């Protein structure tokens, strides 16, 4: 019985021999450099790449986008009550982000 690696190698060899592999975008060229690769903790690189390639945004990234939206809303708010409510939301979100980042720092496999 073949291992999974051997089976993958066999399929790749067949695809290369038939010319199918040569039709693939970027075949024979180095992979494009991902600007976030080096800044991503090593243990999270592959999971984040898989999510990115699948078009799925990790919740932490969504939180950063939400934080940016809240900051813009706070600056635009005219009503002091509304501004204070938005500031509370921002504080809570920043605490959530900080706790998640700390958890990832302590245990990068989360």
If we take segment 9-110, then helices (runs of 4 or more DSSP H) inside it with 1 or more residues that are over 25 Å from the mean Cα position of the chain (by Cα) and surrounded by 10 or more Cβ atoms within 10 Å (Cβ to Cβ) are 59-76, 80-106
Would you check if there is a residue in segment 23-39 being in contact with a helix residue (DSSP H, G or I) (Cβ under 9 Å, 6 or more places away or on another chain), modelled with pLDDT of 85 or more and more than 20 Å from residue 105 (Cα to Cα)? no
Could you give me the residue pairs with C-beta distances under 7 Å whose first residue belongs to segment 51-63 and is over 16 Å from residue 90 (Cα atoms) and assigned by TED's automatic domain parsing to the domain that holds residue 93, whose second residue is modelled with pLDDT under 90 and assigned to a helix (DSSP H, G or I) wherever it lies, and which are 6+ apart or on separate chains? 58/48; 58/51
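Residue check: is residue 55 out of contact with any strand residue (DSSP E or B) (no Cβ under 7 Å at 6 or more places or on another chain) and at positive phi? I'd like the intermediate steps shown before the answer.
Details: out of contact with any strand residue (DSSP E or B) (no Cβ under 7 Å at 6 or more places or on another chain): yes; at positive phi: yes.
Yes; evaluated as a whole, the condition is true for this residue.
The values are calculated or read from the model by the stated rules, or taken from the named source; none is laboratory data. Since we're looking at a predicted model, the values are computed, not measured. Cβ atoms come from the backbone with ideal geometry, glycine included; neighbour counts cover every protein chain shown.
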